[in-house]
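Right, one structure below, let's go through it.
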Amino acid sequence: MDAREVVALVDLLEDAGVPIWLDGGWGVDALLRRQTRAHDDLDLVVELEHVPKLQRLLAKRGYVLRGGGAPKSFELVDANGRQVDVHPVVFDERGDGIYRTQTDEDWAYPAAGFTGEGSVLGRDLRCLTPEVQVLCHAGYELDDDDHHDLAALRHAFGPWP
């Protein structure tokens, strides 16, 4: 997933009124305002009510469902092998984004986490905050890319407990 496609997808979705937040590797690089590594995919957080519109818009760009399905996370891929991982949330009364995991548990993205700002190729966009990016890296075995992302966040934004 290259930076030009990230910007094209963000433009497409936001121009159509679908608010999204970058998560994962591209979310980290957006916070850092520079690409630090190659990315296999683009992780997006989107409100569940916008998922049908997101899927229709991405289908026009050739993205088809590869696995999963709302209200849980799912993957869309195109003929070139580019992948978008979608993480639907429902906002509760506090503004937390409640995400349904693959094991049918609810996990909350804290409301403050949706205030992140970053950029890709100079295009300003929304992303999860550094603190929430760190939270998202908990609870599973980290690979080399995860370790890279956490080290980059720590270096740029300071240590976390």
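The values are calculated or read from the model by the stated rules, or taken from the named source; none is laboratory data. Keep in mind it's a predicted model, so treat the numbers as computed, not measured. Quick reminder, even Gly has a Cβ in these numbers, built from the backbone with ideal geometry, and neighbours come from all protein chains shown.
The strands (runs of 3 or more DSSP E) located wholly in region 64-161 that include 1 or more residues which are of a type outside the set (D, E, K, R) and under 18 Å from residue 37 (Cβ atoms) occupy 83-91, 116-120, 123-127. Would you call residue 91 touching a strand residue (DSSP E or B) at 6+ places or on another chain (Cβ under 8 Å), crowded, with 16+ Cβ neighbours inside 10 Å and hydrophobic (A, V, I, L, M, F, W, C)? Judged against the criteria, residue 91 is not a match. Just so you know, in region 19-52 the residues that are under 18 Å from residue 64 (Cα atoms) and β-branched (Val, Ile, Thr) include one that is farthest from the chain's Cα centre (by Cα), and it is 51.
Each row is one residue, and each column tells you yes or no for (1) assigned to a helix (DSSP H, G or I); (2) surrounded by 23 or more Cβ atoms within 10 Å (Cβ to Cβ); (3) at pLDDT 95 or above; (4) on the phi > 0 side of the Ramachandran plot.
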| site | (1), (2), (3), (4) |
| --- | --- |
| 8 | yes, no, yes, no |
| 12 | yes, no, yes, no |
| 18 | no, no, yes, no |
| 22 | no, yes, yes, no |
| 27 | yes, yes, yes, no |
| 36 | no, no, yes, no |
| 39 | no, no, yes, no |
| 46 | no, no, yes, no |
| 49 | yes, no, yes, no |
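The conditions of being within 22 Å of residue 25 (Cβ to Cβ), free of Cβ contacts under 8 Å to residues at least 60 places away in the same chain and not charged (D, E, K, R) are not met by residue 52. For region 68-84, a residue qualifies if it is buried (at least 16 other Cβ atoms within 10 Å of the Cβ) and either in contact with a Ser or Thr (Cβ under 6 Å, 6 or more places away or on another chain) or among the polar types (S, T, N, Q) (or both), and the qualifying residues are 73, 83. Annotation note: Cβ proximity below 6 Å between a residue of region 55-81 that is on the phi < 0 side of the Ramachandran plot and a residue that is loosely packed, with under 12 Cβ neighbours inside 10 Å and among the polar types (S, T, N, Q) (sequence gap 6+ or interchain) occurs for 72/102. Based on this model, can you work out whether residue 84 counts as over 21 Å from residue 157 (Cβ atoms) and either touching an Asp or Glu at 6+ places or on another chain (Cβ under 9 Å) or at pLDDT 95 or above (or both)? When the stated conditions are applied, residue 84 passes them.
Exactly one residue out of 124, 143 is surrounded by fewer than 13 Cβ atoms within 10 Å (Cβ to Cβ), of a type outside the set (Val, Ile, Thr) and at pLDDT 95 or above, and it is 124.
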